[in-house]
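Q: After the structure tokens below, expect a handful of questions from me.
The values are calculated or read from the model by the stated rules, or taken from the named source; none is laboratory data. All of these numbers come straight from a predicted model, not from anything done at the bench. Every residue, glycine among them, receives a Cβ derived from its backbone with ideal geometry; neighbour counts consider all protein chains shown.
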Amino acid sequence: MDQPEKFRDNSSNGYDKEEMKDTEVRVKILEKVKSHLKKQNDVLDFGCATGIIADEIAADANAYFMVARKPEI
């Protein structure tokens, strides 16, 4: 395992906690994304990490596809 993979593995464990810390920013991002999203749209999320944002957006799209370098995240 190379250095970037080790870093990713070590940092991904706390990713959801960090993502949820700043609720105000997260809500603003979600509102902005949802304002451009139509029910018939398909979404492709590269670098989705744990999928915490995807959970909040998926219901507003026709389909939601997530791609992560490390599927077990």
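Q: Residue by residue through segment 35-51, note down the ones that are under 11 Å from VAL67 (Cβ atoms) and either in contact with a Gly (Cβ under 9 Å, 6 or more places away or on another chain) or loosely packed, with under 10 Cβ neighbours inside 10 Å (or both).
A: Passing the criteria: ASP45, PHE46, GLY47.
Q: Still on this structure, I have one more. Output the residue which, of all residues in segment 24-61 that are among the charged types (D, E, K, R) and in contact with a strand residue (DSSP E or B) (Cβ under 7 Å, 6 or more places away or on another chain), is modelled with the lowest pLDDT. Don't jump to the end; show me each part of the working.
A: Start the filter on segment 24-61 by keeping residues that are among the charged types (D, E, K, R), which leaves 24, 26, 28, 31-32, 34, 38-39, 42, 45, 55-56, 60.
If we keep only those that are in contact with a strand residue (DSSP E or B) (Cβ under 7 Å, 6 or more places away or on another chain) as well, we get 42, 45.
On the way: ASP42: 95, ASP45: 89.
Ranking the qualifying residues of segment 24-61, first place goes to ASP45.
Q: Being part of a strand (DSSP E or B) and either touching a helix residue (DSSP H, G or I) at 6+ places or on another chain (Cβ under 7 Å) or of a type in the set (Asp, Glu) (or both) is the filter here, so list the residues in segment 18-65 that pass it.
A: ASP42, VAL43, ASP45, TYR64 - these are the residues of segment 18-65 that are part of a strand (DSSP E or B) and either touching a helix residue (DSSP H, G or I) at 6+ places or on another chain (Cβ under 7 Å) or of a type in the set (Asp, Glu) (or both).
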